[in-house]
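All of the numbers you see were taken from the coordinates with simple rules; none came from a lab. No experiment lies behind these values; they were computed from the predicted model shown. FYI the Cβ positions are ideal-geometry reconstructions off the backbone, even for glycines, and counts take in every protein chain you see.
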Amino acid sequence: MMEIISLLAGGFAVAFEPLNLMLVIIGCTLGLFIGAMPGLGSVNGVAILLPLTFLVPPTGAIIFLAAIYYGAMYGGAISSIMLGIPGASTAVATTFDGRPLAKQGMADKALTAAAVASFVGGTISVLLFTFFAPPLAHVALVFGAPEEFALMLLAFATFVGLGGDDIWKTIFSICIGLVLSAVGLDIISGEPRLIFADITGFMHGINFLVLAIGIYGIGEMLWTVEENHKAGGRSMLSEATVTVKRTIANLRELLGAWKAMAMGSFLGYFVGILPAAGATPGSLMAYGIAKQISKEPDKFGEGAIDGVAAPEAANNAASTGSMLPMLTLGIPGSPTTAILLGGMVIWGLEPGPLLFTQHADFVWGLIASLYVANFFAVVINVAFIPVFIAVLKMPFTILAPIIFVLCLIGGYAPTKDLHDVWLMIIFGIVGYLMRKLDYPLAPAVLAIVLGPLAEPALRQSLLIGDGSFNIFFSRPYSASIMTAALVLMFLPVFKLIYDKMKKKPQAAEG
Amino acid sequence: MTVRMAELCMAVTMTIFSVYLMYKSAELPIGWIEGEGPGGGFWPFWLAAVMLLSCGGILFNWVKRKTAVAASEETYIERGVMWDVGLVAGSLIITVALFHWIGVYGALPLFLLFYLKFMGRHGWPLSVGLAITIPVVTFLFFEIMLKITLPKGITEELFYPIYPLFF
């Protein structure tokens, strides 16, 4: 315990270095704006801005990105409430009650509730994070190649098991991401592999950013162009007045929502830890439970303050939660952390248990900066509420070309090869077309990041086990993770059989 | 084209792509190499095989009309949307093509001008202003601060007098 506190103190020293502090503030502000823009969330912000972080040292870079992540979680609520369009998928649940409140002229109440709940969720989850991370990292120290591979399989299995109704498309998305990550030179034999049409640009492999910016930058913007076309080019705004007196009254009313906020924080944190689950399901679950434990469930959907507080606490808590497996095990809990993980690899930091011993500065600096980011995000958020309202009035046709320019340059910067910009455009367009057909794309991005880690783990395991898959079941940790992965993967099959068995008697009756 | 038709086209395209990936992976050994473990083609080959399997599943669902998209007879991309999205995607492709020829600083102003003036129907002062400001900021940020040189094509020589001002 004392050790953790002294490490944390060291972390705060890192977080309060002038450069890092500045990065936290800039990151939070940028994140708030990105999160507030309809269609763009933390994934998009982190994916598009990652190439810019090569300028600062790794610790500063991750602090900056984590601040964007945090800020975006706060910001997502703003367009959910003001425009009725979720700023990010994580803020979908916030529209249910936030939008009705805004329509009743109480947008300031909803915005304050969202900001305070986010702060509570963030704080509780960072505390949990501080005390859970070191023990987990300790367990992970005994992990070898088979355990690593089993964990990655578990990450993919959660996507298959929990992912939407079309399982085949989820599996397809995972596999295509993994295959794309295999393009380039074979890591073991050094031979060129999957060099399509003998184009030399494929020799250096496909950078995960090319796929990430393609899908979350270009693809997402094309999607928003379509949404904007359907909305007739104008999104509706709502009026809100902000006065000190009203704010105090709002805060007093919020005290009554403490149960919803606490529940949302804990639930969000633990859902966030699960790979593939993340902040979106976390916030939706929190909304559902808040409604069930509420004394007035009828008010939900018509402007219940609990309905705004619970999901907002949950999505912030989940964003911290998803960083836990990323740092300790090297398994990202969400698409955003997958991109952060990819960034860490570029900066030369190997995520996983050793990170805690070899780069303690980095880890504790990040944890401390989460506390700092949380504080600044709530202050900036409340202070900037009137500014956000003004920026959201900025037409989409001005924001869009600026974001496109960032995408084009962002796709070029990591490899300095125009070949990758072409690939990015292709991924963007194909991703847009696939998304319209309900293909889930987040698994592909997760897969392209994990691919280069999963393949050597599998090949080494098989080598240790002399070509037999039994190796995965002969070691206690790997066997239990493997079993969990297989159960999760076949969950949909069990469900299908169960549903059929339930249907049969009915069919016999009919 | 209906959503159902689009679903079929996508599934068939991806089936062909999966088979191609399997064929391409098999250029490297896909079996066991004594002392080295699985060959270089092992991993992508079997993944592509799973892709093929899932395409089979998607096609099966299509025949049975099991998923929402497989049953939907709605228009895949409406005419108006196609026009908008197509214009944006097309202008991006032309912009990247121009990167090769007249470079980033030739292509970006043209792209911005096109988007702001003709897609966004904003006034000339705003369009021209942003079409100049954004590439200048890009230059200062990427080339000067981050030292990432962006492609310049035939405009390369025009930049020679500018560099000494900063370095």
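Structure notes:
- Cα gyration tensor shape for the protein assembly as shown, rounded if a/c is under 1.5, else prolate or oblate: rounded
- Charge dipole magnitude, Cβ of K and R +1, D and E -1 - chain B, Cα centre, debye nearest 20: 480 debye
- Dividing the summed -39500 (n - 2.57) terms of all DSSP H runs of n ≥ 4 by the residue count of chain B sets its mean residue ellipticity at 222 nm at -20000 deg cm²/dmol.
- Here A:K245 is the anchor, and the lysines within straight C-alpha reach of less than 21 Å, apart from those fewer than 8 places off in the same chain, are A:K103, A:K109.
- Maximal additional length on extending the B:V63-B:C9 stretch stands at 18.1 nm, based on 0.36 nm per residue less the C-alpha distance.
- Once the Cβ-Cβ distance of A:E3 and A:L255 is raised to the sixth power relative to R0 = 30 Å, the FRET efficiency obtained is 0.25.
- At full extension, B:A71 and B:I94 could sit 4.7 nm farther apart than now, given 0.36 nm per residue minus the alpha carbon distance.
- Net charge dipole size for segment B:79-166 [Lys, Arg +1 and Asp, Glu -1 on Cβ; Debye, nearest 20]: 260 debye
- Using Cβ point charges alone (K and R +1, D and E -1), the dipole size of segment A:2-499 about the Cα centre works out to roughly 1120 debye.
- Inter-label distance for A:K230 and A:V382, nm, one decimal - labels placed 7 Å from Cα along Cα-to-Cβ: 3.8 nm
- Each part reduced to its alpha carbon centroid, segment B:77-101 and segment A:241-311 end up 42 Å apart.
- Here the Karplus curve 6.51 cos²θ - 1.76 cosθ + 1.60, taken at θ = phi - 60°, turns the phi angles of segment A:206-211 into couplings of 9, 5, 4, 5, 4, 6 Hz, with x standing for Gly and Pro.
- Exposure proxy order (Cβ contacts within 10 Å, fewest to most) of A:M1, B:M51, A:M489: A:M1, A:M489, B:M51
- Amide H within-cut-off set for B:T2, under 5 Å, with H built and near neighbours excluded: B:Y76
- Per-residue average of Cβ from other chains inside 10 Å of B:53-65: 3
- Put simply, when A:466-473, A:425-432 are sorted by average Cβ atoms within 10 angstrom per residue, most first, you get A:425-432, A:466-473.
- Computed from backbone phi with θ = phi - 60° and the Karplus coefficients 6.51, -1.76 and 1.60, the 3J(HN,Hα) list for segment A:413-427 is 4, x, 10, 6, 9, 5, 3, 5, 5, 4, 4, 4, 5, 4, 4 Hz; x is used for glycine and proline.
- Between B:F167 and A:V139, the distance separating the two model label sites (each 7 Å from Cα on the Cα→Cβ line) works out to 5.2 nm.
- Per-residue mean of C-beta atoms belonging to partner chains within 10 Å, peptide A:404-414: 5
- Helical content of chain A, expressed as a calculated mean residue ellipticity at 222 nm, amounts to -24500 deg cm²/dmol (DSSP H runs of 4 or more residues, -39,500 (n - 2.57) each, divided by residue number, nearest 500).
- Per residue of B:85-97, other chain Cβ atoms within 10 Å of the residue Cβ number 5 on average.
- Candidate cross-link partners of A:K500 among the lysines, defined by an alpha-carbon separation under 28 Å and a same-chain spacing of 8 or more, comprise A:K169, B:K64, B:K66.
- Distances between placed amide hydrogens fall under 5 Å for B:I33 paired with B:G39, all partners being 5 or more residues away or on another chain.
- Shown for B:F42, B:F118: other C-beta atoms within 10 Å of each C-beta, ranked fewest to most, produce the order B:F118, B:F42.
- Exposure proxy ranking for B:R79, B:R4, based on other Cβ atoms within 10 angstrom of each Cβ and starting from the fewest, stands as B:R79, B:R4.
- Angle between chain A longest axis and helix A:476-509 axis [Cα atoms, degrees, rounded to 10]: 70 degrees
- Taking the longest Cα principal axis of chain B as reference, the axis of helix B:42-64 is set at about 80 degrees.
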